[in-house]
Amino acid sequence: MSSPFQFLIETLFDLYIMVILLRFLLQLFRADFYNPLSQFVVRATNPVLKPLRKVVPGYGGIDVSSLLFAYVVSLVKYLLLFAVLASAIPPFSKLLLISLADLLNQGISLIFWMILIRALMSWVSPGLNNPIVSVIYQLTEPLMAPVRRMLPPMGGLDLSPVFLLLGLQFTLMAIESWVLSPLFRLL
């Protein structure tokens, strides 16, 4: 049974984890940092990431500090959830695995929703005038281009989002059934 506290904790932490992961993706795909959405993400994450980068630098173009920060926030989320809702906190090793699987799940979900929004926006308004749509295109194109190259031409119809969404949904279901469910059953 879900409680209002569980809803509140999960919602607030998940939203912030999504912002941190968005920051990671913005840097990974070198999206426009002067975009209003990008500026919001930078302002929301800089207070922690700026000092953390001095201790945990990037590696090979990958922003390790933002991934570490997202992981720690996910870990704190589960510590709070178990402290509020359960009688005991599970072993720390299980919390580490649950947090890692949750972070992976949220990253894939974020990409899933961006691709879905991009596909819907291409039907409604193919222009890139909206700053949010422009960032979504910048973040999803590196993922969609390889899929598009593998598919034969369909006469102007781009099916790459469909195949990418199927693959992402399969991955989400695999994480849920093969990783998260067994971990929660062991608790």
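Just so it is clear, none of the values below were taken in a lab; they were calculated from the coordinates. Bear in mind that the values here come from a model prediction, so they are computed numbers and not experimental data. Cβ sites come from the backbone with ideal geometry, for glycine too, and all protein chains shown count toward neighbours.
Report, in degrees rounded to the nearest 10, the 0 to 90 angle that the Cα long axis of helix 4-28 makes with the longest principal axis of the chain.
Tilt of helix 4-28: around 50 degrees.
Work from the charge dipole of region 23-148 (Cβ charges, +1 for Lys and Arg, -1 for Asp and Glu, about the Cα centre) and give the residue of LEU120, VAL41, TYR59 farthest towards its positive end.
Comparing the listed Cα positions along the dipole, TYR59 ranks first.
Report, to the nearest 10°, how far helix 64-85 tilts away from the longest principal axis of the Cα atoms in the chain, using its own Cα long axis and a range of 0 to 90°.
Between helix and principal axis, roughly 50 degrees.
Return the Rg/Rh ratio of the chain with Cα-based radii and a Kirkwood Rh.
Ratio value, two decimals: 1.00.
Quick check: the angle from helix 131-150's long axis to the longest principal axis of the chain, C-alpha only, nearest 10 degrees?
80
As I understand it, the dipole of region 4-186 uses +1 on the Cβ of Lys and Arg and -1 on the Cβ of Asp and Glu, about the Cα centre. Which of PRO161, LEU172, ILE136 lies farthest toward its positive end?
ILE136
Taking 0.36 nm per intervening residue step and subtracting the Cα-Cα distance, what contour gain separates ASP158 from SER177 on full extension?
3.8 nm
For a quick check, take a GNM of the chain with Cα springs below 10 Å and name the residue from ARG53, ARG23, ARG149 with the largest mean-square fluctuation.
ARG149
Give the separation of the Cα centroids, region 68-82 to region 1-53, in Å.
With region 68-82 and region 1-53 each reduced to a Cα centre, they are spaced 14 Å.
What net charge is computed for the residues neighbouring ASN46, neighbours being all others with C-beta under 10 Å from the C-beta of ASN46, Lys and Arg scored +1, Asp and Glu -1?
Details: positive: ARG23, ARG43, LYS50, ARG53; negative: none.
Around ASN46, the surrounding residues sum to +4.
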